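Report on the following structure.
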Amino acid sequence: MQLTDEERSMLQDNQGEGVRKAMEIVVALGTIYGADDLVPVSHVQVSGVSYKNLGDAGLEFLREWAAQGARVRVPTTLNPAGMDLRHWRELGFPADFAAQQQAVLDAFTAMGIEATCTCTPYLVGYAPKLGDHIAWGESSAISFANSVLGARTNREGGPGALAAAIVGRTARYGLHLDENRAPTHLVDVRCPVRSSSDWSALGYLVGKRVANGVPYLRGLDAAACDVTNLKALGAAMAASGAVALYHIEGVTPESNIKYQISNTKEVSLESLDEGYAALNTSDSNSIDLVWIGCPHASLEEIEQIADRLDGKRARSTLWITAAHQVRDEAESRGLLARIEAAGGRIVSDTCLVVAPVEALGFRSMATNSGKGAFYGPSHAHVATHFGSLEQCLDTAIRGEWAAGKSR
Ligand code: F3S
């Protein structure tokens, strides 16, 4: 692999142990994937932030790296942590978990990383531009950045993204190269796609059909392709099929590029029923938690929820997860007060999948998120119902799954 003098200097320990270790990781990944050289990145999103997943070994690894002088060279933000950083006590997070989670964040911030703790950095001031090379490690955000914003990132793992932040570069392979951004599958959507849960169910099905590929979707209503629906679509597709880039005809920025397409497979989707059935897996109507905001909710979604909850009262615990900046904005606009008056909470910095769910006592959940429903049973060990926003909010008010409610 070709390295510049500066890159070789980082590899030869001239800039400290922490930098050398980071460059070794970046070069090793590039070698594995056949990269010719490295490419500068303008932003990094680091995943693998929850103490629930890192444990003591992960915490020690981060502390050691920080102590070796590792500091990020480009703006770098964090994925959700295992708790709401400001409100963990009142939400019932255990104090010993909170102490360890805070230690993880201290190690990250010592390296110069901003503790945004959201999977939607593009909603809080970190939206890359068309053609920007970035190194992101959050599957739903990767999908949004590549597909909707036209930036370029591979699916980085936690250490790989952190290493890229420390050296300010990543290996040029995969989705950093034009040829790998061409569609592999033409997907004709022949059924109505209306609610955000429909977009999630569609994403789940596309991911299943085109796993690891690049789908080109036709037949979707361009007017419905808003941020809420596209983040739901991409998150579900990334969960069910590790899809990191999709195109939508006439909508996404690279959909009009004339790629050299060969061997493109054709897929036709006539109904979303299979997606709903696969994601809606609980056989009990009991619900401990209704969870909205996967990926983290935008202000527009929060406003929509506040409107639907006015004058009502939730019987189940109702969490709307969002970036703390979005929560603060919701508070200043009076939306938080309206949601809390209905018994709901806007929970920041975390989500159900990375929180210590057992300690919080949740055993069953309803969500409008395809990604949330995909990982709920396996990662959070909760019996999971999946349905529309309306159905989920109705469930929160009834205190049990609103089974008969149309999606
Ligand atoms: Fe974000 Fe957690 Fe969903 S990281 S995409 S809210 S599983």
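What to note about this one:
- Per residue value of the accessible surface for the range 81-194 (all protein chains in place, 1.4 Å probe), Å²: 33
- Surface composition of the range 289-375: carbon and sulfur atoms hold 44% of the protein heavy-atom accessible area at a 1.4 Å probe.
- Computed helical MRE - 222 nm, the chain, DSSP H runs ≥ 4 contributing -39500 (n - 2.57), nearest 500: -11500 deg cm²/dmol
- Label-zone membership for the range 79-112, site D56, 7 angstrom Cα→C-beta point, backbone N under 20 Å: 82, 94-108
- Put simply, when 96-104, 22-30 are sorted by average Cβ atoms within 10 angstrom per residue, most first, you get 22-30, 96-104.
- Net charge contributed by nearby residues that have their C-beta within less than 13 Å of E17 (K/R +1, D/E -1): 0
- Spacing of the modelled spin labels on R8 and N263, each 7 Å from Cα toward Cβ, amounts to 3.8 nm.
- Spatially proximal aspartates and glutamates relative to K21 (Cα-Cα < 12 Å; intrachain offsets below 8 disregarded): D13, E64
- Restraint check, K231/K265; K208/K258; K208/K312; K258/K371; K129/K371, Cα-Cα greater than 29 Å: K208/K312; K258/K371
- A Förster distance of 22 Å, applied to the separation of the beta-carbon atoms of D132 and L177, puts the FRET efficiency at 0.90.
- Whether the chain is rounded, prolate or oblate, judged on the alpha carbon gyration tensor where a/c under 1.5 counts as rounded: oblate
- Here the label points at A337 and D283, each 7 Å from Cα along the C-beta direction, are separated by 4.8 nm in the simple model.
- With the simple spin-label model, which puts each label point 7 Å out from Cα in the Cβ direction, the H381 to E17 separation comes to 3.7 nm.
The values are calculated or read from the model by the stated rules, or taken from the named source; none is laboratory data. For clarity, every value in this text was computed on a predicted model and none was experimentally measured. As a convention, Cβ positions derive from the backbone with ideal geometry for all residues, glycine included, and neighbour counts pool all protein chains shown. When the accessible area is computed, the model is the full protein with side chains, heavy atoms only, and any ligands, DNA or RNA have been set aside. Shrake-Rupley method; radii C 1.70, N 1.55, O 1.52, S 1.80 Å.
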